[in-house]
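Bear in mind that the values in this text are calculations on the coordinates, not laboratory data. For clarity, every value in this text was computed on a predicted model and none was experimentally measured. Cβ: placed from backbone, ideal geometry, glycine included. Neighbour counts: every protein chain shown.
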C-alpha cells in the first residue's frame with residue numbers, strides 16, 4: 001500500500017485537482033490519500049467528501065484544536081495502515097508526476113526520499129530572485145550548522161519507508177519537519193529525487209515572516225541540543 005498525506009488549510013481551489021492527479025499517477029487500487037485538515041473555513045471538506053464517493057482510498061481527518069503542518073503530518077501518519085508514505089503540499093507546487101519515482105526509490109531501500117529543488121534537473125518556477133535567494137540562504141544555514149548532506153532539507157515533499165519516521169522523527173518543528181527528522185536521526189538512509197517546484201496559482205501562501213523565524217529557532221534549538 002502507498003499512502004499520500006496532504007495537510008490542508010483552505011485549499012478548495014486546489015485539493016480536488018490534486019487528488020485526481022495523485023490517482024492518475026499511481027495505481028488507484030494500491031493508494032491511500034489522507035487529507036488532514038486544520039478546520040478549513042472554505043469548501044475543502046465538501047470537495048474531499050465528494051471525492052470519497054468516487055475513490056475508495058480517500059480519507060479526511062479534521063483537526064479542530066491543534067494547528068501546524070508538522071503536527072498534522074504526525075497525526076495523519078498514525079492513521080496509516082501499512083507501507084511507504086509520501087507527504088506533499090496541497091497547493092500543486094509539488095506535482096504528483098514525481099510520486100512514482102519517490103515510491104520507487106523507497107522500494108530500493110531508502111528510509112527517506114526527498115523531492116529536491118536543489119539537485120541536478122531540479123529547480124523552481126515562478127519565484128522572484130529574492131525568494132530563491134532567501135530559500136538558498138536558509139537551506140545553507142541548516143545544512144552547515146546541522147551537518148546534513150541532503151541538498152534540500154527544507155523540502156516538504158518527503159517520502160518515508162515507514163510511518164514511524166513521521167510519527168517519531170520530529171517533535172519541535174512547526175513546519176520544517178524534514179530537517180529536524182534528519183538532524184535527530186543520523187542513521188536514516190536518505191536520497192533525493194529532482195523536482196521542479198512551481199509556485200501556487202490559487203489560494204494564499206502560508207509562508208511568511210513567522211515561518212522563517214520558527215525555522216531559525218528550530219535550527220538553533222537543534223544545534224544547541226546536540
For Cα pairs less than 8 Å apart in space and 6+ apart in sequence, what is the mean separation divided by the residue count of the chain, i.e. the relative contact order in percent?
24 percent
Evaluated at 10 °C with a viscosity of 1.306 mPa s, what Stokes-Einstein diffusion coefficient in µm²/s does the range 56-105 have when Rh comes from the Kirkwood expression over alpha-carbon pairs?
124 µm²/s
Which value in deg cm²/dmol, rounded to the nearest 500, describes the helix-derived mean residue ellipticity at 222 nm for the chain, given -39,500 (n - 2.57) per DSSP H run of n ≥ 4 and division by the residue count?
-11500 deg cm²/dmol
Whether the range 59-149 is rounded, prolate or oblate, judged on the alpha carbon gyration tensor where a/c under 1.5 counts as rounded:
prolate
Stokes-Einstein diffusion coefficient for the range 1-86 at 25 °C in a medium of 0.890 mPa s, Rh from the Kirkwood formula over Cα pairs: what value in µm²/s?
191 µm²/s
Relative packing of 3-10, 178-185, 122-129, which averages over residues the other C-beta atoms within 10 Å, highest first:
3-10, 178-185, 122-129
Got the relative contact order for the range 1-122 handy, in percent, Cα pairs under 8 Å and 6 or more residues apart?
34 percent
Mind giving me the FRET efficiency for residue 210 and residue 185? R0 is 45 Å, r the Cβ-Cβ distance, nearest 0.05 is fine.
0.95
Relative to the longest principal Cα axis of the chain, at what angle does helix 209-224 sit, 0 to 90 degrees, rounded to 10?
60 degrees
Based only on the alpha carbon positions, what is the Kirkwood hydrodynamic radius of the range 2-224, in angstrom?
17.5 Å
Relative packing of peptides 62-75, 84-97, 32-45 - highest average C-beta neighbours within 10 Å first
84-97, 32-45, 62-75
With labels modelled as points extended 7 Å from the Cα through the Cβ direction, what inter-label distance (nm, one decimal) is found for residue 21 paired with residue 147?
3.9 nm
If R0 is 30 Å, what FRET efficiency do you get for residue 168 and residue 130 from their C-beta distance, rounded to 0.05?
0.25
Eigenvalues of the alpha-carbon gyration tensor of the range 110-180, times 5 and square-rooted, give semi-axes in Å, largest first, of 22, 14, 11
